[in-house]
Every structure is written in structure tokens, then in C-alpha cells.
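Values in this text are rule-based calculations from the coordinates and carry no lab data. These numbers were taken from a predicted model, which means no experiment stands behind them. Ideal geometry is used to build each Cβ from the backbone, glycine not excepted, and the neighbour counts take in all protein chains shown.
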DNA sequence: AGCCTATGCCTAGGTTTCCTAGGCATGGAT
DNA sequence: ATCCATGCCTAGGAAACCTAGGCATAGGCT
């Protein structure tokens, strides 16, 4: 499945709901939540997380006391705002697309 | 509004429902159907139509007997198949994204 | 007549986004 | 001892979209 520009929203949503999570777990969470629809490669997720951090939407820290080294990400206040905005954007897109692809059907209905 | 990889679906949908249409009218149709959500620049639409034609999903002809020269596009049988496929893809994406961003809410509900 | 706007087509180039294809290190199971 | 899963990373390419133009003509207005 193709992400098509909505990766940021998905990442922000996972981080918002699941709290501090490391990258690998984000990938797993997306796979599980979407029931396998989204199986996003690491080469996509890690750079995206770095970009979000550069943008100030998340902060990361290296987690101690775990068997392996993990970088744990967490939303910033700006990140929460961005999440809401992206979600609104997403709903707008869905409404728009539905309006276009559903036009024929809608016209056929009373 | 950002199209994010779904332009092909929108174009195919318009051409499928509205029959033979020229490029400028496609832009207008998208704007109207979506109630202004999609106002897609010509620099986006024309190359996209050309790409669809190269892919064999649409055919075009120059329309005669109109005040201005117009290139009119029409879906091919392959185009109709592609439209259905893209629509299915779109629904899959929506389901997936909703599952991810709605997880917190869904978990909170019975 | 001259001008401006809307119609209608087009391309070149840049930016962004994502994926492919690797590399690297370690913990646990066989 | 070996292999797989975990866990991180980058470089480079491909695709998609937009910006920013250019070009031509019809029709309205002054």
C-alpha cells in the first residue's frame, strides 16, 4: 500500500496515541493498527522521523536500560497541533475525493 | 489542497462519469464537484493526462468545430479497469488510515 | 481600433516524498 | 557457532506535484 503523502499524519497519530515509542515499534504499530495494510519500510520511517524532529514536532532520546539501543520519540506541543491540523487536512481530502468519485452515484440518487 | 498521489483516480473518475472532456473542463469539473476543494493547476493536469494517454488509459483527439482548439480525452477499456482498481486502492487507503488515526477512539468505544 | 480577460493548450525545472538497497551492531534461539 | 530478529542508519533514484512561465485566440469593453 502506498502512503502518498500521509506518512506524517500516521506517524504523528501513533506517537500521539501510543506515547513514547521507538522507530521499530512505530513500524510494528502501523502494521498492527492497519491490519497489515501499512507495512512501511525502515528506509521510509526513519528519515521521516528525523524530518519531524528537525521540524520540532517530535523529540527523541536514546533509551537506557533496554537490551538494545533504541531511540525513543515523543510528540512536542507543536507536534500535537500538527497532528490535529493534518487530521483535518486528511478529512478534507477524503471529503473532496468522495465528492468527485461519488458524483455519478450521488447524481443517480434522490 | 494537496492531491497526494490520487490525481489519476480523480481524472479517471471525471472522465468515466462525464464522458469525453477536454483538459480545461476537467479542471473545472474537479473544482465544481469538490466544491472548491480541488483547484488543480494546469501544470499538474495536462502532464497527468499525457501520462494517462501514454499508459493507454485514455485516448485524445483534437476537437473540430469548436471556437477554440481543444483536446478531448476519453477513457479506454483499460482506463475503466484502472479506474475501478484505483478506486479500490483508495478505499483501502482510507480504511487503513482511519484504522490508524481512529485507534485511540475505537479502543475507547465498546 | 486597442486592450484586457477568459479560454485553452503546453513545457521545463525544482521540490518533496517515498522506496530500494544496501550497511552495521547485538541478543537470543538452535 | 550460526542464524534470525531486533534496531538503527544513509545514499541515491524514481515519481508526483507545483511554480512559473510561454503561446494563441475569442469576445467584451472603451
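Can you list, shortest first in nanometers, how far residue B:62 lies from the same residue in the other copies, with each label 7 Å from Cα toward Cβ?
For residue B:62, the other copies' label points sit at 6.6 nm, shortest first.
Quick one: if the Förster radius is 45 Å, what FRET efficiency do residue A:64 and residue A:39 give, using the C-beta to C-beta distance and rounding to 0.05? Please list the in-between numbers first.
On the way: r = 30 Å, r/R0 = 0.66.
The computed FRET efficiency comes out at 0.90.
Starting from the 7 Å offset along Cα-to-Cβ, what nm value, one decimal, do you get for the label separation of residue B:74 and residue B:24?
Taking the simple label geometry, residue B:74 and residue B:24 are separated by 2.2 nm.
If you put a point 7 Å past Cα along the Cβ direction, how far is that point for residue B:51 from the same point in each other copy, in nm, smallest first?
From this label point to the equivalent ones elsewhere in the assembly: 1.7 nm.
Rank A:67, A:77, A:47 by mean-square fluctuation in a GNM of chain A with C-alpha springs under 10 angstrom and give only the top-ranked residue.
Taking springs between Cα atoms under 10 Å, the residue moving most is A:67.
Tell me, what are the semi-axes, in whole angstrom and largest first, of the equivalent ellipsoid of chain B as set by the roots of 5 times the Cα gyration tensor eigenvalues?
Details: eigenvalues 211, 48, 23 Å².
For chain B, the semi-axes come out at 32, 16, 11 Å.
Could you give P(r) for the protein assembly as shown, binned at 5 Å from zero, as whole percent values over all Cα-Cα pairs?
1, 6, 13, 15, 15, 13, 11, 9, 7, 4, 3, 1, 1, 0, 0, 0
Identify, for chain B, the residue whose C-beta comes nearest the rotation axis onto chain A, and round that distance to whole Å.
Axis-proximal residue of B, distance in whole Å: B:4, 2.
If r is the Cβ-Cβ distance from residue B:46 to residue B:88 and R0 is 25 Å, what FRET efficiency results, to the nearest 0.05?
On the way: r = 27 Å, r/R0 = 1.07.
The pair residue B:46/residue B:88 has a calculated efficiency of 0.40.
Once the piece of chain linking residue A:81 and residue A:31 is laid out straight, how much longer is it, given 0.36 nm per residue of separation minus the C-alpha distance between them?
15.6 nm
At residue A:88, with labels set 7 Å past Cα in the Cβ direction, how many nm apart are the copies from this one, shortest first?
So the label point of residue A:88 gives 3.6 nm to the other copies.
What relative contact order, as a whole-number percentage, does chain B give when Cα pairs under 8 Å and 6 or more residues apart are counted?
Numbers: 103 pairs, mean separation 29.7, N = 110.
This gives 27 percent for chain B.
According to a simple spin-label model (label point 7 Å from Cα along Cα-to-Cβ), what is the distance in nm between residue B:53 and residue B:2?
Computed distance between label sites residue B:2 and residue B:53 equals 3.0 nm.
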